[in-house]
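Let me begin by presenting the structure, written as structure tokens, before commenting on it.
The values are calculated or read from the model by the stated rules, or taken from the named source; none is laboratory data. Here the structure is a predicted model, which means the values were calculated and not measured. Cβ placement follows ideal geometry from the backbone for every residue including glycine, while neighbour counts extend to all protein chains displayed. Side chains are part of the model used for accessible areas, which takes the heavy atoms of the whole protein and leaves out ligands, DNA and RNA. Shrake-Rupley method; radii C 1.70, N 1.55, O 1.52, S 1.80 Å.
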Amino acid sequence: MLKLTSLSAGYGPIRALDDVTFTAEKGEITAVLGANGAGKTTLLRTVSGLHRADSGSVHLDGTPLDKVPAERMPKLGMAHVPEGRGVITELTVDENLRLGGLGRGGRVKDGDLQRVYDLFPVLGDRQAALATTLSGGERQMLVIGRALMARPTMLLLDEPSLGLAPRIVAQIFGLIRDLVRDEGLSVLLVEQNARSALSVADHGVVLNLGRVVADAPAAELAGDDKLRHAYLGF
Ligand code: ATP
């Protein structure tokens, strides 16, 4: 369980997160939604130690994360997949995945690699291909697969649907759903694409100008016309 308590963070005078409190339950997908600039990326970066909070706290299964540097997060079970699908284009699919396995320390296990190939057969078919040759959807699978190589319990995903065709978004969200169901993984999913995110999430938190304006089961948020029109754009 990931618990954010009165979390505030910003950039100089800009307050990107303002007193944010919510809980992402174990074994669930929690969607963090909101317009451009709502503070979603800052929230993920603050949780994963890439950005320092001004005040408040974050706990993962009771462990305070506030002073944990980003590079130690994998050891605590946290993996962050940033926006942008950054892969090493000169390396193969296989090599990119192996890099993901190094974060936790020790040797990369073949079993972990096979698990990713089982989850994403399209990557299994292209193990020796250079990452530069992958489509946008395949790259998104590769960055998620790379994060899974560290065997996280909590996966942070920043805008995985950005720029992908609806069919590919549905496929990727379906895979995330399967992962949560089969492996008990917890996911914090940041999305501007609220309609798709709510169709896969268990719970949703809506941010506006850095503040939480709604925190409820996904079905409830999707059925709230006023909230959808005001903050979710559908
Ligand atoms: P997007 O979907 O565009 O990424 P977001 O909801 O993720 O939006 P953030 O990127 O967290 O929002 O931005 C929240 C606020 O912080 C915005 O006002 C943004 O302009 C500001 N901000 C973000 N990064 C920086 C930065 N490096 N320096 C200064 N201000 C920033």
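Remarks
For every residue, the table says whether it meets (1) closer than 15 Å to Asp158 by Cα; (2) part of a strand (DSSP E or B).
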residue	(1), (2)
Ala9	no, yes
Arg15	no, yes
Asp19	no, yes
Phe22	no, yes
Gly27	no, no
Ala31	yes, yes
Ala35	yes, no
Ala38	yes, no
Leu50	yes, no
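- Residue within the range 13-22 that is open to solvent by 40 Å² or more (accessible area, probe 1.4 Å) and out of contact with any strand residue (DSSP E or B) (no Cβ under 7 Å at 6 or more places or on another chain) present: yes
- Residues within the range 176-234 that are touching a strand residue (DSSP E or B) at 6+ places or on another chain (Cβ under 8 Å) and among the hydroxyl-bearing types (Ser, Thr, Tyr), tallied: 2
- Residue match in the range 29-47 (condition: away from the ligand (no atom under 14 Å from the Cβ) and touching a residue at least 40 places away in the same chain (Cβ under 8 Å)): yes
- Options Arg45, Arg52: the member that is open to solvent by 50 Å² or more (accessible area, probe 1.4 Å), out of contact with any His (no Cβ under 6 Å at 6 or more places or on another chain) and at negative phi: Arg52
- Among the residues of the range 172-193, not a single one is touching a residue at least 12 places away in the same chain (Cβ under 8 Å), within 16 Å of the ligand (Cβ to nearest atom), in a helix (DSSP H, G or I) and open to solvent by less than 10 Å² (accessible area, probe 1.4 Å).
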